[in-house]
Amino acid sequence: MIRMRLAAYLHTQIAVVPLLAALAVLSVLYGGGQARAAEAYGMSAIVLFPVFAWQVKILLDVEPDVQRHIAITALGSRHRELVNGLLAGAATTCVTVLLGMVLPWAVGGVSADEGLALAEGLWVHLIAVPPAVALGAMASRAISRTAGAGAMVLATGAVLAIVLGLRGFPAPWLAPPLMSAARYVNTDGSLPQALGITAWALAWTAAVLFGYSRLRRARP
Amino acid sequence: MRLDGLWIRYGRRAPWVLRSVSATLAPGEVAVVHGRNGAGKSTLLSAVAGIRACDKGTVADRPAIVGWVPERFPAAQPFTALAYLRHMAAIRRAPSTAIDEWVERLHLTPFLHTKLGELSKGSAQKVGLAQALLVRPGLLVLDEPWEGLDAQTRAAVSGIIAEVTDEGGIVLVSDHRGETVKLPHAVVWTVHDGSLLVGEGTPHKAVIEIAVDPMQADDVAKRLRADGHDVVAVRR
């Protein structure tokens with residue numbers, strides 16, 4: 001099922017658009033001169049978050065609604081179909097994560113940094129993927145019904161993820177920890193802090209996906 | 001398979017589409033679902049197939065393998081017929097011979113390398129039928145399966161239904177064209193006003209297809225109705 005969905009996604013020319021958008025935002029990000037790798041990766045993950053979510057939405061929307069119904073019967077359960085869709089959605093972000101990791105070195109946008117920068121960069125990008133999958137799923141046609149509503153969910157989610165994550169906001173847990181993760185890699189935080197941020201991202205994702213699965217009960 | 005008090009509606013404040021629907025289907029049984037447009041036939045079928053969750057009630061003892069044939073096959077997919085069937089066979093873990101069998105039986109060979117979106121409605125519908133049969137279903141649900149099919153394939157559908165039931169499978173089929181007169185021993189389910197009326201036996205009607213000059217179609221339909229006949233459809 002995942003293979004079929006990815007094949008359909010790759011066949012659509014619209015799948016190229018988020019990648020071009022990723023290239024554009026990364027070019028802007030690294031166009032102003034060199035930065036520390038860890039710091040740059042933190043910003044890269046923040047700006048790529050809406051791109052990830054957009055890719056997930058496109059993947060889920062490429063499949064016609066009736067084909068989704070056929071997939072439910074072929075897989076034997078609504079739950080399995082839902083999980084397969086989310087996993088396929090997560091898979092679409094791999095190339096963009098790779099782009100976010102490699103591009104800054106290719107264009108000389110980062111300076112050689114301490115040894116942990118690459119690992120931290122990968123972590124800060126990967127931590128953005130599960131919440132992006134959840135946001136993309138909520139913006140998908142099965143839930144949002146119309147293209148306008150889907151775009152609104154996507155844009156609002158992306159903006160709130162940044163605004164609610166600003167330092168000093170009283171309830172930062174309302175947003176995925178993109179800003180906290182970026183601050184963490186910028187300030188060399190401790191391992192327990194990293195684990196806490198990871199748990200926060202997964203918990204936020206689980207809460208949103210719980211809502212997604214409840215809504216999908218009535219909108220198969 | 002038991003339908004125990006199914007209630008379904010499309011929104012918290014929306015009216016109930018199905019209300020306390022209960023019925024039983026034994027292995028080898030066929031149920032034909034009748035009802036006017038918008039009565040809830042497709043909703044009932046999708047709930048029985050496991051596609052739609054019920055607000056209340058359960059479908060108990062649903063067979064593990066379900067074949068679903070939608071009213072309109074979703075042709076807006078970037079696959080050829082063969083690539084699509086290969087994907088579906090992989091998902092259903094069907095044996096490699098299954099595609100060949102159904103391609104041959106449904107006369108799909110000339111269209112194997114045609115993109116789904118370029119298939120005629122009838123050929124696309126055959127692909128939809130084939131994907132549901134790649135693994136012999138314990139429950140086959142067909143939503144208006146005869147739409148767009150040629151006479152040869154319409155006859156074949158009746159045979160396929162008989163094969164499934166002969167092997168102990170359950171078949172649920174909605175029909176507004178009266179084609180189910182070709183299904184002897186089918187139980188008739190009528191969806192009316194959110195409720196399900198279960199009646200035994202084949203509908204006591206035969207369907208005659210008459211070809212007339214398109215200009216006279218309305219007059220002929222009017223005359224037949226005046227004579228007390230049920231005009232199922234007028235196609236131009």
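The values are calculated or read from the model by the stated rules, or taken from the named source; none is laboratory data. If you're wondering where the values come from, they're calculated on a predicted model, not measured in any experiment. Glycine also receives a Cβ, built like all others from the backbone with ideal geometry; neighbour counts cover every protein chain displayed.
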Leading residue by the ranking (surrounded by the most Cβ atoms within 10 Å (Cβ to Cβ)) among those in segment B:109-131 that are of a type in the set (Lys, Arg) and closer than 30 Å to residue B:189 by Cα: B:126
Tally of residues being touching a residue at least 40 places away in the same chain (Cβ under 8 Å), within 14 Å of chain B (Cβ to nearest Cβ) and farther than 20 Å from residue A:135 by Cα across segment A:75-110: 1
Residue list for segment B:35-75, restricted to those being more than 11 Å from chain A (Cβ to nearest Cβ), surrounded by fewer than 19 Cβ atoms within 10 Å (Cβ to Cβ) and part of a loop (DSSP other than H, G, I, E, B): B:36, B:37, B:38, B:61
Enumeration of residues in segment B:40-61 that are within 8 Å of residue B:8 (Cβ to Cβ) and without any contact (Cβ under 8 Å) to a residue 60 or more places away in the chain: B:43, B:47, B:52, B:54, B:55
Scope segment A:170-220; condition of a type in the set (Phe, Trp, Tyr) and touching a residue at least 40 places away in the same chain (Cβ under 8 Å); matching residues: A:184, A:204, A:212
Residues that are under 24 Å from residue B:71 (Cβ atoms), part of a helix (DSSP H, G or I) and either away from every other protein chain (no Cβ under 12 Å) or of a type in the set (D, E, K, R) (or both), drawn from segment A:59-74: A:60, A:61, A:65, A:68
In segment A:157-172, residue modelled with the lowest pLDDT [restricted to those that are in contact with a Leu (Cβ under 9 Å, 6 or more places away or on another chain) and in a helix (DSSP H, G or I)]: A:172
Test for residue A:44: is it surrounded by fewer than 23 Cβ atoms within 10 Å (Cβ to Cβ) and either touching a residue at least 40 places away in the same chain (Cβ under 8 Å) or touching a Leu at 6+ places or on another chain (Cβ under 7 Å) (or both): no
Tally, over segment B:132-151, of residues that are β-branched (Val, Ile, Thr) and either within 20 Å of residue B:120 (Cβ to Cβ) or surrounded by 21 or more Cβ atoms within 10 Å (Cβ to Cβ) (or both): 1
Residue check, residue A:51 more than 14 Å from chain B (Cβ to nearest Cβ) and surrounded by fewer than 20 Cβ atoms within 10 Å (Cβ to Cβ): no
Qualifying position, being away from every other protein chain (no Cβ under 14 Å) and more than 22 Å from residue A:177 (Cα to Cα), among A:38, A:15, A:24, A:7: A:24
Top-ranked residue of segment A:94-110 - restricted to ones that are small (Gly, Ala, Ser) and modelled with pLDDT of 75 or more, ranked as farthest from the chain's Cα centre (by Cα): A:108
Test for residue A:34: is it more than 19 Å from the chain's Cα centre (by Cα), modelled with pLDDT under 95 and over 15 Å from residue A:104 (Cα atoms): no
Pair list, Cβ under 7 Å, 6 or more apart: segment A:150-169 residue closer than 28 Å to residue A:62 by Cβ, other residue surrounded by fewer than 21 Cβ atoms within 10 Å (Cβ to Cβ) and among the charged types (D, E, K, R): A:150/A:141
